[in-house]
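**Student:** What follows is a single structure, and I will ask about it in a moment.
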Amino acid sequence: MALCNAVDRAFLSDRLPYPYTEADADWWRGMVAGNDGKEGVWRAIVVDGQVVGSISVERMANENRSVGSIGYMILTPFWSQGIGTEAVRQICGIAFRELALERIVGEVFPENLASARVMEKNGFRREETKARAVIKGGKALDVITYFLMSTTQ
């Protein structure tokens, strides 16, 4: 719970409630327990025994069910240490294996150069820029979509 309240939210989805309560954590744990390995994979990012972030790949719905959407967050003191790059590498391998996905997509705000670099270091390719695609802080913002294809085709 402390992680979700302490993380820098500048580039995160508003899907993560703030403040993050015990009820939010209970709901999340139950959702993950019922869906991990089926509709997504969710993992803690751990460094030296300390949880410093979280990462997931969630299966998209309906016609897009062979596509997973990646998301992650890391506490600011652990940025720029290769932790995100390694976490993305690991979760993508797990997601392709466990969920039988064809591709994984991630969306990045243009200003989030570090996250774009994490995607690129893991072989993700830039697909498109969606103009004014999301609302964050009351403003319509662009997002860049990256994708990674399964290597088992």
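**Student:** When the Kirkwood radius is taken over all Cα pairs of region 9-88, what Stokes-Einstein diffusion coefficient follows at 20 °C and 1.002 mPa s, in µm²/s?
**Tutor:** 154 µm²/s
**Student:** If you roll a 1.4 Å probe over the chain with all protein chains in place, what percent of the accessible area is carbon or sulfur?
**Tutor:** Result for the chain: 52 percent of the exposed heavy-atom area is carbon or sulfur.
**Student:** Can you give the calculated 222 nm mean residue ellipticity of the chain, where each DSSP H run of n ≥ 4 adds -39,500 (n - 2.57) and the sum is split over every residue, rounded to the nearest 500 deg cm²/dmol?
**Tutor:** Counting only the DSSP helices, I get -9000 deg cm²/dmol.
**Student:** Could you order peptides 121-127, 19-25 by the average number of other Cβ atoms within 10 Å of their residues, highest first?
**Tutor:** 121-127, 19-25
**Student:** From the phi angles alone, apply the Karplus equation (6.51, -1.76, 1.60; θ = phi - 60°) to region 101-115 and give each ³J(HN,Hα) in whole Hz, x where the residue is Gly or Pro.
**Tutor:** Here the 3J(HN,Hα) series is 7, 8, 7, 10, 10, x, 10, 10, 5, x, 6, 8, 4, 5, 5 Hz.
**Student:** Give the label of the value calculated from the structure for Cα extents along the principal axes in Å, choosing from (1) 41, 35, 32; (2) 39, 30, 28; (3) 51, 43, 29.
**Tutor:** Answer by label: (1).
**Student:** Ok, one more. Write down the accessible area per residue of the chain in Å², having rolled a 1.4 Å probe over the full set of protein chains.
**Tutor:** Accessible surface, normalised per residue, equals 59 Å².
**Student:** Between region 78-103 and region 132-153, what's the alpha-carbon centroid distance in Å?
**Tutor:** Answer, in whole Å: 17.
**Student:** Follow-up question, since we're still on this one. Return the long-range amide H neighbours of Ile45 (sequence gap of 5 or more, or a different chain), with a cut-off of under 5 Å between placed amide H atoms.
**Tutor:** So Ile45 has HN proximity to Val52, Gly53, Ser54, Ile55.
The values are calculated or read from the model by the stated rules, or taken from the named source; none is laboratory data. The model shown is predicted, which means the values in this text are computed figures rather than measured ones. FYI the Cβ positions are ideal-geometry reconstructions off the backbone, even for glycines, and counts take in every protein chain you see. Side chains are part of the model used for accessible areas, which takes the heavy atoms of the whole protein and leaves out ligands, DNA and RNA. Shrake-Rupley method; radii C 1.70, N 1.55, O 1.52, S 1.80 Å.
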